[in-house]
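K.L.:
Supplied in structure tokens, the structure appears directly below.
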Amino acid sequence: MAKQMWRTYDLKKTYDIVIIGGGAHGLATAYYLSKMGVKNVAVLEARYPGYGGSGRNTAILRSNYRTEEGIKFYDQSLGLYENLSGELDYNLMFSQQGHFTLGHTESGISGLVTRAENNKALGVNSYMLTPPEIKKKLPEIDISSHVRYPILGALYHPPGGIIRHDAVVWAYGRGADKGGVEIHNLTEVQDILVEKGKIQGVKTNRGTIHAKKVISVVAGWSSEVCRLAGVKLPFVTHPLQALVTESYKPWLHHVVVSGTLHIYLSQTDRGELVCGDGIDQYPHYGMRSTLGFMEAFSSHVLELFPILHNIKVQRQWAGLCDMTPDYSPIISPIDEVEGFYVNGGWGTYGFKASPASGFNTAKMLAEDKVPEMIKPFSYNRFRENRLVGEKAAASVSS
Ligand SMILES: Cc1cc2nc3c(=O)[nH]c(=O)nc-3n(C[C@H](O)[C@H](O)[C@H](O)COP(=O)(O)OP(=O)(O)OC[C@H]3O[C@@H](n4cnc5c(N)ncnc54)[C@H](O)[C@@H]3O)c2cc1C
């Protein structure tokens, strides 16, 4: 019989730390906690590890964000990803094939140039290319001027690329399990117990658990879980859809993103094109694919790559994204409820952050001190008007 990725346990009455959510962020947090020597930790997952965005994303990794806070954080994450296959002894199929963000308008190009300069100043490899330089690396792309949105330039980021997302989830889970963390599938947190402003524990479908520290790491479900603790944060959940085509011979050797056309695509080692669009325009929790997404994606991608006119789509899917007003995450203790922490707001772009998010969140929980790297991501920034504005750099949404 095949060996299990992680062990199963009876639920204990008490843990020192309870992590709600078994996605890449929850499991990475658990793994780094175990590496820091913290014991008696449980991950409670309502369904199965990877059920959420971590098992549904398009697996694009990069660090060329816009703000100093964002660039440093995502760059730490990319650095951790570079050594992760070896560290976790698992082939994560990380391919640093280079990442293009295309610019089609003057304002778009101006935003990309700002990002190129900010990245250069912080030592991150990302620079502008002209249309003929783009064509050299992407021979199939249409750089003509007669299309609706001609390509005027691109921000190129050589260290960006793709990874096998579910392998990341499994590898972090297995690593956490080896370090003594209990991972409980089918364990839904139905209430968070707070008394006199202090966390007491959680109520689950399998019984009540006492804990001094509880952290919500549930991405698209963040508003719902925070509400259980009486905490209201500015998360708004929108679905994001994606699709995968049949396999074709390798022709696309880089990740390509267009903010103006709201699309992105890459090719896997199996030859499938993995493609996505912007978020569904209105907030909801449905994870259904729509014809509207397929139509919009198809018409937009043909403007860039007319050679795809006969391509066959194999399947479509959707996942939930917890958007914040500035498109940056919230990783923070919650002042109003002692012992309650939140890691969320990962929107359409959080998978790439899993290692840095897990590492810094574990440090925050283990040392009772917020690490410098994630101080800018406190929820208090929305009260204090010091947003970390990443909207133009984080996603392809309008
Ligand atoms: C289609 C799509 C494409 C994307 N593409 C990219 C990309 O290319 N690059 C990138 O960086 N990011 C991308 N993202 C975003 C990325 O997937 C997420 O930001 C990231 O995976 C969030 O990880 P997480 O661990 O925080 O949450 P999730 O993986 O969503 O895990 C949260 C878990 O919490 C569990 N849960 C919820 N409520 C409870 C409860 N009450 N009790 C117990 N458990 C609960 C859920 O079952 C779920 O398993 C994409 C997202 C989608 C949907």
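None of the figures in this text is laboratory data; all of them are computed from the coordinates on show. Every value quoted in this text rests on a predicted model; they were computed, and no experiment measured them. Quick reminder, even Gly has a Cβ in these numbers, built from the backbone with ideal geometry, and neighbours come from all protein chains shown.
K.L.:
What nm distance separates the two modelled labels at residue 87 and residue 178, each placed 7 Å from Cα along Cα→Cβ?
P.N.:
The modelled label-to-label distance comes out at 1.3 nm.
K.L.:
Work out the P(r) tail for the chain: percent of alpha carbon pairs separated by more than 35 Å, whole number.
P.N.:
That fraction is 24 percent.
K.L.:
Below 8 Å, C-alpha to C-alpha, sequence gap of six or more: please give me the relative contact order for the range 1-152 in percent.
P.N.:
17 percent.
K.L.:
Using label points projected 7 Å from each Cα along Cα→Cβ, tell me how many nm separate residue 249 and residue 147, to one decimal.
P.N.:
2.3 nm
K.L.:
Further, regarding this structure: If you consider only alpha-carbon coordinates, what radius of gyration and Dmax does the range 98-177 have, in Å?
P.N.:
Here Rg and the maximum Cα pair distance are 16.7, 56 Å.
K.L.:
Cross-link partners among lysines for residue 249, C-alpha distance below 28 Å, same-chain residues fewer than 8 apart left out?
P.N.:
Within reach: 135, 136, 137, 312, 352.
K.L.:
What do you get for Rg/Rh of the range 1-98 when both radii come from the Cα atoms and Rh is the Kirkwood radius?
P.N.:
Values: Rg = 15.8 Å, Rh = 15.8 Å.
A ratio of 1.00.
K.L.:
Which of the chymotrypsin sites (Phe, Trp or Tyr not before Pro) across the range 259-299 are loop residues per DSSP, with 15 or fewer other Cβ within 10 Å?
P.N.:
Working: sites: 264, 285, 293, 297; in loops: 285.
When the chymotrypsin sites (Phe, Trp or Tyr not before Pro) of the range 259-299 are filtered for loop state and at most 15 Cβ neighbours within 10 Å, 285 remain.
K.L.:
Same structure, new question: Which whole-number percent of Cα pairs in the range 251-330 have a distance greater than 17 Å?
P.N.:
53 percent
K.L.:
Computed on alpha carbon atoms, what radius of gyration and Dmax characterise the range 310-379, expressed in Å?
P.N.:
Over the range 310-379's Cα set, Rg and Dmax evaluate to 15.6, 57 Å.
K.L.:
Based on the Cβ-Cβ distance of residue 206 and residue 285, what FRET efficiency does E = 1/(1 + (r/R0)^6) give at R0 = 30 Å, to the nearest 0.05?
P.N.:
0.80
K.L.:
Hey, another quick one. Going by the alpha-carbon gyration tensor, a ≥ b ≥ c the square roots of its eigenvalues, is the range 23-150 rounded (a/c under 1.5) or, if a/c is not under 1.5, prolate (a/b greater than b/c) versus oblate? Working shown, then result.
P.N.:
Working: a/c = 2.50, a/b = 2.04, b/c = 1.23.
Judged from the Cα gyration tensor, the range 23-150 comes out prolate (a/c at least 1.5, a/b above b/c).
K.L.:
Once you put a point 7 Å from the Cα of residue 236 and another 7 Å from the Cα of residue 367, both along the Cβ direction, what distance in nm separates them?
P.N.:
Result: 3.6 nm between the two label points.
K.L.:
Please list log₁₀ I(q)/I(0) at q = 0.10, 0.16, 0.19 Å⁻¹ for the range 268-390, using the Debye equation with identical point scatterers on the alpha-carbon positions.
P.N.:
Cα-only, vacuum Debye calculation for the range 268-390: -0.47, -0.90, -1.07.
K.L.:
Moving on. When the Cα atoms of the range 208-312 are enclosed in a convex hull and the volume is divided per residue, what value in Å³ results?
P.N.:
About 168 Å³ per residue, rounded to a whole number.
K.L.:
Let me ask you something else. If the range 1-54 were replaced by its equivalent ellipsoid, with semi-axes equal to the square roots of 5 times the Cα gyration tensor eigenvalues, what would those be, largest first, whole Å?
P.N.:
18, 15, 13
K.L.:
Here is a further query. Percent antiparallel among DSSP beta bridges with both residues in the chain, to the nearest 5?
P.N.:
70 percent
K.L.:
Something else now. Do the alpha carbons of any pairs in 12/198; 13/72; 13/35; 35/198 sit beyond 29 Å of each other, and which pairs?
P.N.:
Too far apart for the 29 Å limit: 13/72.
K.L.:
For the range 123-222, what number results from the quotient of the Cα radius of gyration and 2.2 N^0.38 Å?
P.N.:
Working: Rg = 24.2 Å, N = 100, 2.2 N^0.38 = 12.7 Å.
In units of the 2.2 N^0.38 Å rule of thumb, it is 1.91.
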